[in-house]
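Participant: Sending over a structure as structure tokens; questions will come in a sec.
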Amino acid sequence: MKVLVIGSGGREHALCWTLKKSPLIERLFCAPGNGGIEEVADCVDIGAEDIEKIVDFSKMEAIDFVVIGPEVPLVMGLADKLSEAGIRSFGPSAAAAALEGSKGFMKDLCRKNNIPTAAYQRFDNPDEAKAYVARNTFPIVIKADGLAAGKGVIIAGSLSEANETIDEIFGGLFGGAGAEIVIEEFMEGEEASFFVLTDGENILPLATAQDHKAVGDGDTGPNTGGMGAYSPAPVMTPEMIDATIDRIIKPTIAAMKKQGIPFTGVLYAGLMITKDGPKLIEYNVRFGDPECQVLCARMGSDLLPALVATTNESLADVKLQWRDETALVVVMAAHGYPGAYEKNTTIKGLGAAAAIDDVLAFHAGTKREGDTVLATGGRVLGITGLGKTVKQAQKKAYSGVDAIDWPQGFCRSDIGWRAVKREEQGQ
Ligand code: AMP
Ligand code: GLY
């Protein structure tokens, strides 16, 4: 098969690295790719949001299957446009991608189908929103309805903070994504992610993971796209997984089908594990980044047939094997991220990191110039380790980080801390 992967992050490097191993691959392309993806796929200089060029390229190269990594092209309708051109792709239609593209759509679907999630209201003007928060308790959670690169959520600790946030969002803080807002109850608990593949009817549970969104150690500082992750997440016990599938995932897939917008691709549920069981924080309609790196590191089967099966209602026939180990990824980012950072700094030591047993060095914001690898983005590398325990996977990943020579980069030093603590307490 000729396969084209769309995107340029660590997620897409992990996907390309995994797909490249498939005996079904005849040729693997990635648009636009990055400095690491170049080693496993032919990178094509087309942006992930350049829908027209992607469709033209796919037709020209007679691509059999397109794997869409990020959410923006999905919400823009890339899967629909490819389908109109007779090209199969992994990922939902624009209508079904509203599960991520509109928090209000997702919350309404939960309400209609009794799916456990935080209580909420939708608002399209500041006055009603302010009147609502004045009647509520704090902290309270205020979210832009649309896509905001994972940054559109503000937890307001007081009425004045909430009012300020409402003004800022309606004032354009998140552009058009904030034309409508969702205000919701603050849920307490531990967060976890759960991933399933679906063909619109059947589901194939993949795995659990936990992500570290905050930039600083101890989960402090502003939120980022994700500074590290590990899989599996011990907080997701078999009971929690069953409850998530029965109360959250299955009703969602059934409701989408009933509404005439079947969801296909990967559904990523962001969960809060509360004292009343799992509750849905949000849906994403694509793999997580960096969670995809740890899922791919643990993948023991050919992933390509499973992705293809989401497009032809044959997922019920697919089985995937997982490596028994824990995988843990530490993201190395450029100093200043998630704010402004320097670009085009030189990274050394990638070969030494990748040479360590059970260490994988995935690239995110990098490019190659001759033999030199340069950092071009905020999140730059995803150093991934495998181990029998979370502690061992953590040790492996950080041994990879130690081999990297990149003075302009930083990482958190405590990725996996909750699970390591659990292991130490023998839970
Ligand atoms: P989201 O982009 O919706 O995943 O939200 C980003 C982060 O905000 C989540 O990972 C949570 O840490 C936090 N968050 C979102 N909604 C809630 C909620 N209702 N209660 C508590 N924390 C939340
Ligand atoms: N790591 C969080 C996300 O991909 O949305």
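Quick note: the coordinates plus some simple rules give every number you see, no bench work behind them. Computed from a predicted structure; not experimentally measured. Every residue, glycine as well, gets a Cβ built from its backbone with ideal geometry; the counts of neighbours run over all protein chains shown.
Participant: Of all the C-alpha pairs in the range 354-427, what % are more than 14 Å from each other? Present the calculation step by step, with values, prior to reporting the outcome.
Facilitator: Working: 1736 of 2701 pairs.
When all Cα pairs of the range 354-427 are counted, 64 percent exceed 14 Å.
Participant: Within the chain, what's the longest run with no GluC sites (Glu not before Pro) in a DSSP loop and at most 12 other beta-carbon atoms within 10 Å? Give the range, please.
Facilitator: Formally, the longest exposed-site-free interval is 27-187.
Participant: Can you check how the C-alpha radius of gyration of the range 1-142 compares to 2.2 N^0.38 Å, as a plain ratio? Write out the running numbers ahead of the final one.
Facilitator: Numbers: Rg = 19.6 Å, N = 142, 2.2 N^0.38 = 14.5 Å.
Computed over Cα atoms of the range 1-142, the ratio equals 1.36.
Participant: Which one of Thr376, Ala149, Gly288 is farthest out on the positive end of the charge dipole of the chain, using unit charges on Cβ (Lys, Arg +1; Asp, Glu -1) and the Cα centre as origin?
Facilitator: Of the listed residues, the answer is Gly288.
Participant: Antiparallel as a % of all DSSP beta bridges within the chain, to the nearest 5?
Facilitator: 80 percent
Participant: Only loop residues by DSSP count here, and only those with at most 11 other Cβ atoms within 10 Å; note down the chymotrypsin sites (Phe, Trp or Tyr not before Pro) in the range 341-415 that meet that.
Facilitator: In loop regions of the range 341-415 (DSSP not H, G, I, E or B), there are no sparsely surrounded chymotrypsin sites (Phe, Trp or Tyr not before Pro).
Participant: Now for a separate question. Just the C-alpha atoms of the range 271-427: what Rg/Rh do they give, with Rh taken as the Kirkwood radius?
Facilitator: Working: Rg = 17.7 Å, Rh = 17.5 Å.
Answer for the range 271-427: 1.01.
Participant: Please work out the ratio of the alpha-carbon Rg of the range 340-396 to 2.2 N^0.38 Å and round it to two decimals. Kindly include the intermediate steps, with their values, before the conclusion.
Facilitator: On the way: Rg = 13.0 Å, N = 57, 2.2 N^0.38 = 10.2 Å.
In units of the globular-protein estimate, the range 340-396 measures up at 1.27.
Participant: Of Ala177, Gly221, Asn202, which is farthest along the charge dipole of the range 173-260 in the positive direction, counting Lys and Arg as +1 and Asp and Glu as -1 at C-beta?
Facilitator: Farthest along the dipole direction, towards plus: Asn202.
Participant: Plugging the Kirkwood radius over Cα pairs into Stokes-Einstein for the range 131-272, at a temperature of 37 °C and a viscosity of 0.692 mPa s, what D comes out in µm²/s? Could you put the intermediate results ahead of the total?
Facilitator: Numbers: Rh = 17.1 Å.
This corresponds to a translational diffusion coefficient of 192 µm²/s.
Participant: So, one more: Would you mind working out the magnitude of the charge dipole of the chain relative to its Cα centre, with +1 at each Lys and Arg C-beta and -1 at each Asp and Glu C-beta, to the nearest 20 Debye?
Facilitator: Details: 42 positive and 58 negative charges, 123 e Å.
Roughly 600 debye, rounded to the nearest 20.
Participant: In addition: Could you work out how far apart the two model spin labels at Phe186 and Asn114 are, taking each label as a point 7 Å from the Cα in the direction of the beta carbon, and quote it in nm?
Facilitator: 3.0 nm
Participant: Counting Lys and Arg as +1 and Asp and Glu as -1, each charge on the Cβ, what is the dipole of the range 282-384 about the Cα centre in debye, to the nearest 20?
Facilitator: It comes to approximately 340 debye.
Participant: Nothing charged except the Cβ atoms of Lys and Arg (+1) and of Asp and Glu (-1): what's the magnitude of the dipole of the range 201-351 about its Cα centre? Round to the nearest 20 debye.
Facilitator: Once rounded to the nearest 20, the dipole reads 240 debye.
Participant: If you average 1/r over every pair of different alpha-carbon atoms in the range 190-287 and take one over that average, what Kirkwood value in Å do you get?
Facilitator: Result for the range 190-287 stands at 14.0 Å.
Participant: Tell me, how many Å apart are the Cα centres for the range 144-175 and for the range 67-81?
Facilitator: Between the Cα centre of the range 144-175 and that of the range 67-81, the gap is 26 Å.
Participant: Taking the range 193-239, how much of its Cα-Cα pair set, in percent, is spaced more than 18 angstrom apart?
Facilitator: Pairs farther apart than 18 Å: 45 percent.
Participant: If amide H atoms are built 1.01 Å from N in the plane of the peptide, which residues on other chains or at least 5 residues away come under 5 Å of the amide H of Cys43?
Facilitator: Amide H neighbours of Cys43: Cys30.
Participant: Can I ask one more? Please give the length that would be gained between Arg27 and Asp317 if that part of the chain were fully extended, namely 0.36 nm times their separation in residues minus their C-alpha to C-alpha distance (nm, one decimal).
Facilitator: 101.9 nm
Participant: Say the cut-off is 30 Å between C-alpha atoms; which of Lys367/Lys396; Lys2/Lys391; Lys21/Lys107 go over it?
Facilitator: Working: Lys367/Lys396 25 Å; Lys2/Lys391 39 Å; Lys21/Lys107 39 Å.
From Lys367/Lys396; Lys2/Lys391; Lys21/Lys107, over 30 Å: Lys2/Lys391; Lys21/Lys107.
Participant: For the chain, what class follows from the C-alpha gyration tensor (a ≥ b ≥ c being the square roots of its eigenvalues): rounded when a/c is under 1.5, otherwise prolate if a/b is larger than b/c, else oblate? All intermediate terms of the calculation are to be shown ahead of the outcome.
Facilitator: On the way: a/c = 1.37, a/b = 1.19, b/c = 1.16.
Rounded, because the longest to shortest axis ratio a/c is under 1.5.
Participant: Please identify the DSSP H helices in the chain that span no less than 18 Å along the helix axis (Cα) and have a mean Kyte-Doolittle hydropathy of -1.0 or more.
Facilitator: Helices meeting the span and hydropathy rule in the chain are 390-403.
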